[in-house]
Amino acid sequence: MIINDIGMLQATLPTQMQQPITTVTSNNNVVIIPLRSLAELAHREYSNGNYERAEQLCMELWKRDPTNTGVLLLISSIHFQCRKLDKSAQFSTMAIKLNPHLAEAYSNLG
């Protein structure tokens, strides 16, 4: 299970989510990041195998918009890669409840 389309993740960010947020980098520097860039960073961390950091970033995005199915699918993929299959299924199921036409969410369930 791999999410390759950062555009899907970004496209689901509503206009009000374009406001910047403050986050802390892995070396404890405080930076201000626009949410669209946060989504890109989360996907990059996931692609690089930095699943813990990718999850932290996704959880921040999800906290700000719990209806963002792209974020839910990325969180599901992170848990799948970490072999946390129950959590992976939980987040895929949440995405399906929001949009029953998400083929990727169904494929994540197996």
Return the total of residues in the stretch 86-110 being open to solvent by less than 60 Å² (accessible area, probe 1.4 Å) and among the aliphatic types (A, V, I, L, M). 6
Among the residues of the stretch 77-84, are any touching a residue at least 24 places away in the same chain (Cβ under 8 Å), aliphatic (A, V, I, L, M) and out of contact with any strand residue (DSSP E or B) (no Cβ under 6 Å at 6 or more places or on another chain)? yes
Given the conditions (1) open to solvent by less than 50 Å² (accessible area, probe 1.4 Å); (2) touching a Cys at 6+ places or on another chain (Cβ under 6 Å), which single one is not true for residue 58? (2)
Counting only helices (runs of 4 or more DSSP H) wholly inside the stretch 35-95, the ones holding at least 2 residues that are modelled with pLDDT under 95 and in contact with a Gly (Cβ under 7 Å, 6 or more places away or on another chain) are none
Within the stretch 72-85, count every residue that is more than 10 Å from residue 104 (Cβ to Cβ) and either crowded, with 24+ Cβ neighbours inside 10 Å or in contact with a His (Cβ under 8 Å, 6 or more places away or on another chain) (or both). 5
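The values are calculated or read from the model by the stated rules, or taken from the named source; none is laboratory data. What you see is a predicted model, and the numbers here were worked out from it, not measured in a lab. Methodologically, a virtual Cβ is constructed for each residue, glycine included, from the backbone with ideal geometry; neighbour enumeration extends over all protein chains shown. Quick note on the areas: whole protein, heavy atoms, side chains included, nothing else; ligands and nucleic acids left out. Shrake-Rupley method; radii C 1.70, N 1.55, O 1.52, S 1.80 Å.
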